[in-house]
Amino acid sequence: MSLEEPLLSNASSSTDFGVTKEELMKLFESENRIADHGGICESREILDKLGNANGLLKALDSKENNGILDTQKNKDRRATTFGTNERREIKIRGICEMIAEQFEDKILRILIVAALVSL
């Protein structure tokens, strides 16, 4: 996984819960947290539709003090609906890879050729 991939996997979008996987993803996408032209942002609209934080807890079948019910059946149901909770592997690029990537730019290649010709 990379940071560009969505937070939630492409598991089935079942309606076992009061909120869909897509709505949860939209809540945490940075572009949905800032409203354009003074309007209400998409994350706020989703929260309002669900009934704010308490409505989100109810939709996710979760308790404020205890969290989710710790049974295998419940965990399996959540994994089927939302996907598993796995740590993302971040690919670390080396300095040579970053320099080589810069040479893919057509303008930079033209400038380098022009500089070599002028010598």
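Summary table below
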read-out	value
Failed item, numbered, when SER62 is tested on (1) at pLDDT 80 or above; (2) more than 21 Å from the chain's Cα centre (by Cα)	(1)
Selected residue (criterion: farthest from THR20 (Cα to Cα)) from residues of region 63-81 that are hydroxyl-bearing (Ser, Thr, Tyr) and part of a helix (DSSP H, G or I)	THR80
Single unsatisfied condition, THR80 versus (1) without any contact (Cβ under 8 Å) to a residue 12 or more places away in the chain; (2) under 24 Å from LEU56 (Cα atoms)	(1)
Cross-chain or 6+ apart pairs with Cβ under 7 Å, region 83-104 first and modelled with pLDDT of 80 or more, then hydroxyl-bearing (Ser, Thr, Tyr)	LYS91/SER2
Subset of region 62-86 [under 18 Å from MET25 (Cβ atoms) and of a type in the set (D, E, K, R)]	ARG78, GLU86
Complete set of residues in region 82-98 that are under 21 Å from the mean Cα position of the chain (by Cα), β-branched (Val, Ile, Thr) and exposed (fewer than 10 other Cβ atoms within 10 Å of the Cβ)	ILE90, ILE92
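The values are calculated or read from the model by the stated rules, or taken from the named source; none is laboratory data. Please read these numbers as outputs of a predicted model, since none were measured by experiment. In this analysis, Cβ positions are derived from the backbone assuming ideal geometry, glycine residues included, and neighbour counts consider all displayed protein chains.
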